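Notes for the one structure printed next.
The values are calculated or read from the model by the stated rules, or taken from the named source; none is laboratory data. Bear in mind that the values here come from a model prediction, so they are computed numbers and not experimental data. With ideal geometry, Cβ positions are generated from the backbone for all residues, glycine too; neighbour counts draw on all protein chains shown.
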Ligand SMILES: Nc1ncnc2c1ncn2[C@@H]1O[C@H](COP(=O)(O)OP(=O)(O)OP(=O)(O)O)[C@@H](O)[C@H]1O
Ligand SMILES: Nc1ncnc2c1ncn2[C@@H]1O[C@H](COP(=O)(O)OP(=O)(O)OP(=O)(O)O)[C@@H](O)[C@H]1O
Ligand SMILES: [Mg+2]
Ligand SMILES: [Mg+2]
């Protein structure tokens, strides 16, 4: 028997450069699950629509999925995930997406929304903690923020800044670098005078590359770090050796790690290491499939059942691709663990794992 | 006095009526009946498309009033629709009943539209278009940064429309609501066009120098066009926000402005009927393309990524082909079709 | 009785004077012609009167009311309307609607009534439509009533433009070369309309025209402009015999005959 | 103060890229009165063409650069013949929309042929920056600055003194009258699109050298509008200066808004706000020809 | 010898409107030929059909031929036709407003070899000293008469064999009308350019022409020597504004209902 799931992807829109590998991860995972008879005699049938990051098209794609009877949805970006929050809740269809905004982890706001890696804010907190823990000097570390004027760059800011103060950072600067920027010299000039020790880049890979290259030109000795979408394999091509030494916090493991999941993936791709985003697509689908499997075991496969099973997951390990995930009916934060990577020799090297406390006041913030 | 197709009018008033002659009335009634029956036969996917069409009709008609009738090119319409969505959402969140919030949102958008219409005092053609492009970007900036009202990057979560205790939370109910609003707006726009204000708009578009000499206050009327058009855009935005129950900045970008302009062009500039056709066509187009690329991918799986990438190109191609081969839009096709039907057994 | 009184009007474009201290008057009920070489400033004069240009100095009054300072669109209501040298019709509107726009300033109902099309809006539309139909009949435009103005033959378009100006029911109508590019027959028709407008409807006319045959035949008074200044004015006969006018404008005495 | 000076220098540098793209835009407008919303996409296609030749086909950079220019000529011809020629004499909004449609087509063609991944250019220019008043300026930017100055000089002379240039301006003013002079309108139109495509692809190659290319590169086209409007749509000098001024304005306004108003992310909007203000004072930009409107 | 022969020309606009309905005429070499007719008769259309400018207005020659010195030129693109020696001065002057006077003139010489430019300019300035004074001025700011001179000067730059003039006196003051006609005559006499002249001002046109055609509704209804036409009573009544006695008719006396033309198109 086939179980339908909806897959919203951006294959041709503004986020397609990362949307394509993510969608590939989702599809490969489905293929793997079906081939390995993960759901017994049942198979997953993904219904994929490329919505080109257009909300209206996401909406009608979702309605189409609904009429076809999907039990769960693999979503993609901020635009579609937020636009569909109310609908998935009404229709009781759990939505697993790659928009890791913290406010989606609060079931009061978004009862049917899930994702499988730590949210943007938690990740930022994680890496801040990591740096602080490794801080040797007496004085307070100086911290700056660079981010695009875009919902994606703005969401983790408030929580991150508050936590930085709590940890004893001195926040010295705030700059905007657009996602499509060609140049960040002026912003970096402003920052350079403040000599931050660390600088968070809240953009995507192209803007990270611009910042890193310009920082190299300005001979800044700041340590730059980014969140999930800020560093991927493209950066090594774009920024070359300017990327060396930058840090990134990732929710999922990457192709350079030795995990059970990675072996399967390399088999699926014929040995080619896919982009980091692929791994999260894979993991997200894997977790969803586990919930579906458990629902099937109990004999009722509805969206609501899948959601309940997801909320019942405790320390579930998706083949080592992400830290173990747990969801609770009143807390959709999948994990408080972040993997810290560093760019070394044109590769992402895992340099640490940071585990935060699951504080109630951080939920949704 | 004799009108088209053998109708005789006994008064000027009759000639000016909205629906001329029994046949037209009957046809309209039939169309309305079919539309009203839709929720009983269609699934929620199809209904949601119809709802989006209804909303798009309101938006497209409003832009056609401004750009098609009054000749003021606007590249900021998407943002105006966004203003409506935010205003309506913010008002209902404050406890204002939907029935009040929707027109109020229209008025707020009208005020915004007038503000950004001020440059039309001095600017024409492409220069005005660029000034409205500025409006688009400035408004987007405000959506994202006026946290107190717009919720900033998080957006606004709003409840489904609620009118006198009736909650429009299903596609069926929402369909009737949006249909009602769309028809109301169509009637209003048609009325406008047969009155002195509508004529003044067209006069400004065709020859603003002589319009002024004839006694049309150019600035006042251009602003009025911006106001009326933005009001309707605000209503469309209010509907859209409440249908989605979530208002975020993303949907109201330049892309939306362009697709509304495309609706006007493809349907027929300056024609209310055309705007309707354009809205229907351009809302359906991506659905059809998605369907086609699905079918294509299942036949040639290797080509699926190409098919996906080609979708936007098809949108562009449709636009270009229409402009080249049917600059007057679908509305002219429809007229030709009607003429052909009338003569049908004896065509040629 | 003086209807239009132009006193000392000066107009410059970037320092170059198009009109210099021009003064003349149009008496109520008369046809006054404004003639002069190309570039003498005739159209500029009309533009000053109708509000398109603002003179640097001088005064223009209509029926005793100062026009300067009144915005162009509001002058229609004071009893002024005009046609243009090059056809300036609303191409996207039908002949009928062109004329209805001509009555724009005589219709008074608000935008809300427009949107709902009820009450006053309906009544006004009906009443004004009746008036416009009369003008259409007068100008013999019935066959083209519902056609788009842009598609009509040149001669008809000129007539529609006249109709549009008439629709405002002006006291003074300004005509800028209504006969240009017309053949004799159409010129005769146009002359007839102008005479009828003047004689039967009692509208005063300020006419700019290069066809001396028409000008000398139908006008009561002729004002000659040259290089932005009044060169001569008076009855057609006097002007025609004026040496300066012949030298600057007419060329030879039989210009009137040659005009056609 | 030094901070602002640095902002200005940096703005100059970025603005020269805008100016380069704006030049292509103005050439089209000057010769055909077409407002080209696909300018950014022309840049993108040029960048991808050169990318294919150097990276995928491994040709030496100079050769592939020349081939790219040749390709642009063909592209310009094709666009003119297939899309713009039928639009001769249509109202401005139709022309705007047809170029918007064209931009969609070009974007999707790029995605079909080159995918959506970010692609990286081989570095042809040295990376080591020059320091101007303490601001590091990459050699690419200097190249852009020099190129736009050069192109500006060439085109100005062309439109003023050459017979073809004057004929192009005449065509823009009155196509029918130009045809009656024996000027082949079609070849004039084709020529202007060729020139614009060539200039754009030069811009594309430079951009590729700055931060790689992807299928969203066409957004750059949006930056061109404030630049050309500011300078006046039909003025080459305006385009060159406008581009640079917008580059500077963006930087300075952003810096000032941050410093005095505490507003972030003002860069994108700043240019447009300034633009509206300037348009209200000078409706045809700084150097644009005022339309002669006589009734 | 005939410079130009138009045979049975039919022209359709927008694929539907038939404007010329089998029109034939000839223009003799070195002579001035006048083409008169009512508004909308199709005079401008005829000229555009000859010079190939119809395409720009969605018009098309569906039948007939245009022969320049017995070589067919119909169907050629306008630039080829200009190169073969036909040049049209379009109705309403159509100077390039944002170009200077001299640039306008250079456009006229677009099809000529470069070496000719300087002498051609000199010749034009010789004919029109007023243009020489204003070389550097923008054409858009010149008066109507000057613009008309510029338009004719521009035509001279192309050194055509056959010059088509469309209503050169339109909107000009009487004195200038005289000037322009004198210049046309001189152009014809001194330079030997053949001229096909379309005019509303029938008297002036017939006075300088050697042969005349009168067209109505897309057809030629009357033709003859210019002097003969001037004497024709119908022409006198309908084109010259004379009553039967040969006196000038007064506009004041025009009746509301008059005798209509009896030529039927
Ligand atoms: N908008 C303007 N800008 C600059 N100069 C102008 C403008 N309008 C008119 N002029 C100049 O003013 C003078 C008078 O022009 P106007 O059009 O009034 O002449 P006219 O008497 O109507 O001539 P015609 O008989 O040819 O129509 C001319 O020299 C003209 O170039
Ligand atoms: N581009 C066009 N499209 C459609 N019809 C046209 C077009 N141009 C001219 N016509 C029609 O063709 C007919 C002849 O026009 P044409 O301009 O040749 O007349 P004309 O004799 O030159 O008149 P005029 O004295 O007004 O210059 C007119 O009825 C006109 O409406
Ligand atoms: Mg004039
Ligand atoms: Mg003509």
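Scanning segment A:229-239 for residues that are out of contact with any strand residue (DSSP E or B) (no Cβ under 6 Å at 6 or more places or on another chain), in contact (Cβ under 8 Å) with a residue 24 or more places away in the chain and either within 24 Å of residue A:353 (Cβ to Cβ) or surrounded by fewer than 20 Cβ atoms within 10 Å (Cβ to Cβ) (or both) yields A:229, A:232, A:233, A:235, A:236.
Among the residues examined, residue B:227 does not qualify as surrounded by fewer than 24 Cβ atoms within 10 Å (Cβ to Cβ), farther than 19 Å from residue B:182 by Cβ and within 11 Å of chain D (Cβ to nearest Cβ).
Would segment C:29-44 turn up any residue that is away from ligand 3 (no atom under 16 Å from the Cβ), outside any strand (DSSP E or B) and modelled with pLDDT of 90 or more? Among the residues of segment C:29-44, at least one is away from ligand 3 (no atom under 16 Å from the Cβ), outside any strand (DSSP E or B) and modelled with pLDDT of 90 or more, which makes the answer yes.
Within segment A:196-218, restricting attention to residues that are part of a helix (DSSP H, G or I) and within 8 Å of another protein chain (Cβ to nearest Cβ), the residue that is farthest from residue A:238 (Cα to Cα) is A:217.
Right, residue E:75: in the same structural domain as residue E:31 (by TED's automatic domain parsing), outside any helix (DSSP H, G or I) and within 16 Å of ligand 4 (Cβ to nearest atom) or not? No, not satisfied. Within segment D:163-172, the set of residues being without any contact (Cβ under 8 Å) to a residue 60 or more places away in the chain and buried (at least 21 other Cβ atoms within 10 Å of the Cβ) comprises D:166, D:167, D:170. Of everything listed in (1) within 14 Å of another protein chain (Cβ to nearest Cβ); (2) under 20 Å from residue A:182 (Cβ atoms), the single unmet condition for residue D:98 is (2). Being in contact (Cβ under 8 Å) with a residue 24 or more places away in the chain, within 16 Å of ligand 4 (Cβ to nearest atom) and within 23 Å of residue C:245 (Cβ to Cβ): is that true of residue E:197 here? It is false that residue E:197 is in contact (Cβ under 8 Å) with a residue 24 or more places away in the chain, within 16 Å of ligand 4 (Cβ to nearest atom) and within 23 Å of residue C:245 (Cβ to Cβ). Here the condition is being more than 14 Å from the chain's Cα centre (by Cα), within 9 Å of chain B (Cβ to nearest Cβ), outside any strand (DSSP E or B) and away from ligand 2 (no atom under 16 Å from the Cβ); of C:68, C:115, it holds for C:115 alone. All of E:2, E:70 fail the test of being surrounded by fewer than 24 Cβ atoms within 10 Å (Cβ to Cβ) and either within 16 Å of ligand 3 (Cβ to nearest atom) or on the phi < 0 side of the Ramachandran plot (or both), apart from E:2.
Selection of helices (runs of 4 or more DSSP H) fully inside segment B:31-145 by the criterion of at least 3 residues being away from chain D (no Cβ under 11 Å) returns B:44-63, B:77-93, B:98-117. Quick one: in segment C:218-235, which of the residues that are crowded, with 19+ Cβ neighbours inside 10 Å and within 13 Å of chain E (Cβ to nearest Cβ) is nearest to ligand 3 (Cβ to nearest atom)? Top of the filtered list is C:225. Within the option set E:40, E:56, being over 22 Å from residue E:230 (Cα atoms), within 14 Å of chain C (Cβ to nearest Cβ) and more than 16 Å from ligand 1 (Cβ to nearest atom) holds for one residue only, E:40. Residue check: is residue C:103 surrounded by fewer than 18 Cβ atoms within 10 Å (Cβ to Cβ), away from ligand 2 (no atom under 16 Å from the Cβ) and more than 22 Å from residue C:218 (Cβ to Cβ)? Spelling it out, it is not the case that residue C:103 is surrounded by fewer than 18 Cβ atoms within 10 Å (Cβ to Cβ), away from ligand 2 (no atom under 16 Å from the Cβ) and more than 22 Å from residue C:218 (Cβ to Cβ). Of all the criteria given as (1) part of a helix (DSSP H, G or I); (2) within 16 Å of ligand 2 (Cβ to nearest atom), the one not satisfied by residue E:207 is (2).
Per the listing E:218, E:224, E:212, E:265, the residue uniquely modelled with pLDDT of 85 or more, within 14 Å of chain C (Cβ to nearest Cβ) and farther than 29 Å from residue C:245 by Cβ is E:218. Exactly one residue out of C:205, C:239, C:215 is more than 16 Å from ligand 4 (Cβ to nearest atom), within 12 Å of another protein chain (Cβ to nearest Cβ), closer than 17 Å to residue C:34 by Cβ and at pLDDT 85 or above: that is C:215.
Do we find a residue being farther than 22 Å from residue E:105 by Cα and at pLDDT 85 or above anywhere in segment E:153-160? No - not one qualifying residue is present in segment E:153-160. A single entry from A:27, A:45 fulfils the requirement of being out of contact with any helix residue (DSSP H, G or I) (no Cβ under 7 Å at 6 or more places or on another chain) and part of a strand (DSSP E or B): A:45. Residues in segment E:163-192 that are away from chain C (no Cβ under 14 Å) and buried (at least 23 other Cβ atoms within 10 Å of the Cβ): E:163, E:164, E:165, E:184. So for segment D:38-56 (the condition being crowded, with 24+ Cβ neighbours inside 10 Å and assigned to a loop (DSSP other than H, G, I, E, B)), does at least one residue qualify? Taking every residue of segment D:38-56 in turn, at least one turns out to be crowded, with 24+ Cβ neighbours inside 10 Å and assigned to a loop (DSSP other than H, G, I, E, B). Of the residues making up segment C:45-65, those that are over 29 Å from residue E:140 (Cβ atoms) and not in a loop (DSSP other than H, G, I, E, B) are C:59, C:61, C:62, C:65.
Of the residues contained in segment B:141-157, none is found to be closer than 21 Å to residue A:64 by Cβ, touching a residue at least 40 places away in the same chain (Cβ under 8 Å) and in contact with a helix residue (DSSP H, G or I) (Cβ under 9 Å, 6 or more places away or on another chain). The combined condition, being crowded, with 20+ Cβ neighbours inside 10 Å, within 16 Å of ligand 1 (Cβ to nearest atom), within 23 Å of residue D:163 (Cα to Cα) and away from chain D (no Cβ under 12 Å), is not fulfilled by residue E:95. Taking the listed residues D:222, D:207, D:237, the one that is part of a helix (DSSP H, G or I), at pLDDT 80 or above, surrounded by fewer than 24 Cβ atoms within 10 Å (Cβ to Cβ) and within 13 Å of chain A (Cβ to nearest Cβ) is D:222, with no other qualifying. Of all residues assigned to segment D:176-188, at least one qualifies as being within 14 Å of chain E (Cβ to nearest Cβ), under 14 Å from residue E:96 (Cα atoms) and surrounded by fewer than 23 Cβ atoms within 10 Å (Cβ to Cβ). Per this entry, residue E:195 is not counted among residues that are in the same structural domain as residue E:181 (by TED's automatic domain parsing), closer than 18 Å to residue E:241 by Cα and assigned to a strand (DSSP E or B). When each of A:248, A:276, A:285, A:322 is tested for being out of contact with any strand residue (DSSP E or B) (no Cβ under 8 Å at 6 or more places or on another chain) and within 30 Å of residue A:233 (Cβ to Cβ), the lone residue that passes is A:322.
Per-residue answers, yes or no, for (1) modelled with pLDDT of 85 or more; (2) at the interface with chain B (Cβ under 10 Å from one of its Cβ atoms):
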{"site": "D:87", "(1), (2)": "no, yes"}
{"site": "D:93", "(1), (2)": "no, yes"}
{"site": "D:112", "(1), (2)": "yes, yes"}
{"site": "D:115", "(1), (2)": "no, yes"}
{"site": "D:134", "(1), (2)": "no, no"}
